[in-house]
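These notes are about the structure you will find just below.
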Amino acid sequence: MTTTFSDAQNVQDKATKTCSLQLVSEWDKTFPKSDKVRHEKVTFRNRFGIMLAADLYVPKEAEGKMAAIAVSGPFGAVKEQASGLYAQRMAEEGFLTIAFDPSFTGESGGEPRYSSSMDINTEDFCAAVDYLSCRDDVDAGRIGILGICGWGGIALNAAALDPRIKATVSVTLYNMTRVTQQGYFDSMDEDARFKLKQQLAEQRTEEYRKGEILPQGGLPAEAPSDASDFFKQYIAYYKSEARGYHPRSLNSNMGWNITSPLMRLNQNLWIAADEIRTPVLIVHGEKAHSRYFGEEAYQKITSGKYADNKSLLIVPNATHCDLYDGGEGNYIPWNEIVNFYRTNFWFSDWPKGNPNTRYAQYFTGDSHLAPIAPKNLSADEKTIQGYSNVTFEPGCRNNWHIHHGAHQILICVSGKGWYQEWGKPAIPLKAGDIIDIPEGVKHWHGAQADSWFQHLATHAKTSGEERNEWLEPVSDEEYNKLK
């Protein structure tokens with residue numbers, strides 16, 4: 001099946017209600033338009049009732065259901081800047097992508113303008129997953145997110161909250177609650193924090209009295225001579241027409257509202273970061289002033305029992321803003337990011353099939369079944385040997401069980417898995433491995449924790465009635481010991 005671009009717009013009405021957003025039709029990005037992807041504007045609504053605007057990028061040669069990625073950031077930027085660059089490049093690599101403007105910014109809705117909220121912005125990512133999940137050309141089991149700068153930190157909060165997010169990349173991230181509460185490099189103490197609260201509270205009163213909400217003023221056109229290196233780097237990106245300036249970008253113009261930081265002073269954005277079960281890749285520049293946020297994030301997401309599928313990539317010589325657009329050294333590690341998604345989304349030539357609802361009660365995690373028929377036989381001809389392709393999502397495995405009246409043969413075709421017989425050590429599996437399971441042997445099989453896994457399954461009848469005897473699940477304690 002070939003997906004036409006018009007068909008790709010057939011999304012449930014409830015997910016994309018008509019809105020009155022004013023969307024620019026011409027190409028106005030800070031990067032060139034690719035001839036390898038199709039592009040158009042789309043909208044979707046979050047659970048706070050705010051309509052979000054996004055750029056949709058679809059590979060021109062797309063067929064069937066695709067893996068999808070929602071991209072946002074940097075904090076204070078718009079989708080025409082870095083997030084759009086990432087989204088378009090990932091579409092060139094075969095993913096369906098959207099780059100969206102967060103609530104209150106860019107072409108998206110929400111009042112007051114130029115505000116931020118960690119809970120609403122986390123919901124923005126979840127709403128993007130709502131939208132992607134309901135597209136006819138998206139595989140809802142292969143949706144990921146990518147956040148840049150402050151949105152890299154928000155992406156981790158979304159991944160901890162929403163199990164539909166199967167893989168997360170966080171690039172040159174900030175912890176927005178930490179930097180608000182403690183200042184850059186943790187230079188703010190409790191007294192300074194209270195002083196900031198007083199200033200913002202007084203600002204609120206004055207703004208309410210005058211009936212206006214005021215912006216901070218944004219970045220200067222040129223950096224003062226005594227400015228920090230990272231401040232100069234921000235100006236070099238956001239104020240440069242040749243690089244990152246955009247007329248709708250907060251950071252390129254008047255900045256956030258003055259009182260926008262107030263609600264971040266009492267929040268902990270990463271309180272559940274160690275509960276992220278799905279794979280995460282954190283990418284940071286070696287020379288980025290914000291590197292300590294990435295290292296903090298990596299420490300948090302690897303501090304619990306889900307550490308094995310988490311990675312930290314430090315890009316040599318790169319600064320914070322180099323990872324917005326590549327900088328002078330083309331520093332964005334595209335290959336590593338693409339391979340991360342490909343590995344964790346699972347790309348295979350073998351069919352995934354439908355959700356395995358018939359046997360779901362005997363599985364831990366999600367699996368899928370696809371009957372396989374010999375290609376040379378017509379629909380009326382019957383094979384003497386039936387085959388099914390079983391797809392296990394990462395961490396999925398079946399219960400201990402016994403086959404009666406038959407040998408089961410497993411032919412591994414994709415990904416990484418486990419096979420274990422009762423009383424024996426588990427055997428790691430990869431594509432090309434074959435397992436012959438004798439009649440009457442108690443065993444289980446499934447995916448490794450950090451990988452999808454597929455095997456063909458068939459049975460060779462021995463004698464008597466052919467049946468499965470399903471037994472107890474493989475406990476998390478047993479499974480998590482496997483290395």
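Given the options Phe125, Phe104, name the one that is of a type in the set (A, V, I, L, M, F, W, C), touching a Ser or Thr at 6+ places or on another chain (Cβ under 9 Å), assigned to a loop (DSSP other than H, G, I, E, B) and crowded, with 21+ Cβ neighbours inside 10 Å.
Matching residue, one of Phe125, Phe104: Phe104.
Candidates Ile427, Ile384, Ile402, Ile437: the one that is under 29 Å from Val280 (Cα atoms) and among the β-branched types (Val, Ile, Thr) is Ile427.
Table: residues versus (1) of a type in the set (Gly, Ala, Ser); (2) modelled with pLDDT of 95 or more; (3) surrounded by 15 or more Cβ atoms within 10 Å (Cβ to Cβ).
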position: Ser348; (1), (2), (3): yes, no, yes
position: Thr364; (1), (2), (3): no, yes, yes
position: Ile384; (1), (2), (3): no, no, no
position: Tyr387; (1), (2), (3): no, no, yes
position: His403; (1), (2), (3): no, yes, yes
position: Ile411; (1), (2), (3): no, yes, yes
position: Pro425; (1), (2), (3): no, yes, no
position: Ile437; (1), (2), (3): no, yes, yes
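Collect the residues in region 216-227 that are touching a residue at least 24 places away in the same chain (Cβ under 8 Å) and open to solvent by 50 Å² or more (accessible area, probe 1.4 Å), keeping them in residue-number order.
Here is the first cut: in region 216-227, the residues touching a residue at least 24 places away in the same chain (Cβ under 8 Å) are 216-219.
The answer is Gln216, and nothing else.
For region 449-483, the set of residues classified as without any contact (Cβ under 8 Å) to a residue 60 or more places away in the chain, hydroxyl-bearing (Ser, Thr, Tyr) and touching a strand residue (DSSP E or B) at 6+ places or on another chain (Cβ under 8 Å) consists of Thr462 only. Taking the condition without any contact (Cβ under 8 Å) to a residue 24 or more places away in the chain and assigned to a helix (DSSP H, G or I), does Ala192 pass? The answer is yes for Ala192. Scanning region 356-382 for residues that are closer than 30 Å to Val71 by Cα and either touching a strand residue (DSSP E or B) at 6+ places or on another chain (Cβ under 6 Å) or hydroxyl-bearing (Ser, Thr, Tyr) (or both) yields Ser367, His368.
Of everything listed in (1) touching a residue at least 24 places away in the same chain (Cβ under 8 Å); (2) crowded, with 16+ Cβ neighbours inside 10 Å, the single unmet condition for Glu421 is (1).
Checked against the criteria, Pro371 does not count as closer than 30 Å to Ala140 by Cβ, modelled with pLDDT under 95 and part of a loop (DSSP other than H, G, I, E, B). Against the numbered list (1) within 30 Å of Met90 (Cβ to Cβ); (2) of a type in the set (S, T, N, Q); (3) in contact with a strand residue (DSSP E or B) (Cβ under 8 Å, 6 or more places away or on another chain), Asn339 comes up short only at (3).
Within region 162-181, can you find the residues that are over 12 Å from the mean Cα position of the chain (by Cα) and either polar (S, T, N, Q) or surrounded by fewer than 22 Cβ atoms within 10 Å (Cβ to Cβ) (or both)? Give the steps one after another, and end with the answer.
Taking region 162-181 first, the residues over 12 Å from the mean Cα position of the chain (by Cα) are 172-181.
Listed by number, the residues that qualify are Thr172, Asn175, Thr177, Arg178, Val179, Thr180, Gln181.
Per the conditions (1) open to solvent by 10 Å² or more (accessible area, probe 1.4 Å); (2) within 20 Å of Ile120 (Cα to Cα), the sole criterion not satisfied by Leu52 is (1).
Please enumerate the residues belonging to region 290-310 that are modelled with pLDDT of 95 or more, over 17 Å from Cys149 (Cα atoms) and open to solvent by 30 Å² or more (accessible area, probe 1.4 Å).
Step one: filter region 290-310 for residues modelled with pLDDT of 95 or more, giving 290-303, 310.
Imposing the further condition that a residue be over 17 Å from Cys149 (Cα atoms) reduces the set to 299-303, 310.
Hits for region 290-310 are Gln299, Lys300, Thr302, Ser303.
For region 467-481, check the following and say yes or no: at least one residue is among the aromatic types (Phe, Trp, Tyr) and assigned to a loop (DSSP other than H, G, I, E, B). If you could, list the steps in order and put the result at the bottom.
Step one: filter region 467-481 for residues among the aromatic types (Phe, Trp, Tyr), giving 470, 479.
Subsequent filtering for residues that are assigned to a loop (DSSP other than H, G, I, E, B) retains none.
Taking every residue of region 467-481 in turn, none turns out to be among the aromatic types (Phe, Trp, Tyr) and assigned to a loop (DSSP other than H, G, I, E, B).
Just to be sure, is Asp191 buried (at least 17 other Cβ atoms within 10 Å of the Cβ) and either under 22 Å from Arg291 (Cβ atoms) or of a type outside the set (Gly, Ala, Ser) (or both)?
Numbers: buried (at least 17 other Cβ atoms within 10 Å of the Cβ): no; either under 22 Å from Arg291 (Cβ atoms) or of a type outside the set (Gly, Ala, Ser) (or both): yes.
No, not satisfied.
Taken over region 85-126, the residue count meeting the criterion of being out of contact with any helix residue (DSSP H, G or I) (no Cβ under 7 Å at 6 or more places or on another chain) and under 27 Å from Ile258 (Cα atoms) is 18.
Looking only at residues in region 237-280 that are surrounded by fewer than 16 Cβ atoms within 10 Å (Cβ to Cβ) and assigned to a helix (DSSP H, G or I), the one that is nearest to the chain's Cα centre (by Cα) is Glu275.
The values are calculated or read from the model by the stated rules, or taken from the named source; none is laboratory data. Keep in mind that what you see is a predicted model, and the values were worked out from it rather than measured. Note that each Cβ is placed from the backbone with ideal geometry, even for glycine, and that neighbours are counted across all protein chains shown. Note: areas computed on protein heavy atoms with side chains; ligands, DNA, RNA excluded. Shrake-Rupley method; radii C 1.70, N 1.55, O 1.52, S 1.80 Å.
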